[in-house]
Amino acid sequence: MKKMFFKKLAKFNKKFLPSYSKQELDLTKATLLQKAVFGFRLWVTKNALED
């Protein structure tokens, strides 16, 4: 159930949140909000891929 939740959340992220890697965002110059979005997307992706 946990994995299914994170997979759905990952689809939501892909559709509605910006992809900073495609925009080639420099994380050293990113704002706090951009870092938070990046971290959240990373956390969701990590949990969606776990066994």
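Every read-out reported here was derived from the displayed coordinates using simple, explicitly stated rules and does not represent laboratory data. These numbers come from a predicted model, not from an experiment. Neighbour counts are summed over all protein chains in view; Cβ atoms, including those assigned to glycine, are modelled from backbone coordinates with ideal geometry.
Per-residue answers, yes or no, for (1) under 9 Å from the mean Cα position of the chain (by Cα); (2) outside any helix (DSSP H, G or I):
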residue	(1), (2)
F12	no, no
K22	no, yes
K29	no, yes
L33	no, no
F38	yes, no
L42	yes, no
T45	yes, no
Checklist entry - Would you pick out the residues in region 1-30 that are touching a residue at least 12 places away in the same chain (Cβ under 8 Å) and surrounded by fewer than 10 Cβ atoms within 10 Å (Cβ to Cβ)? => result K2
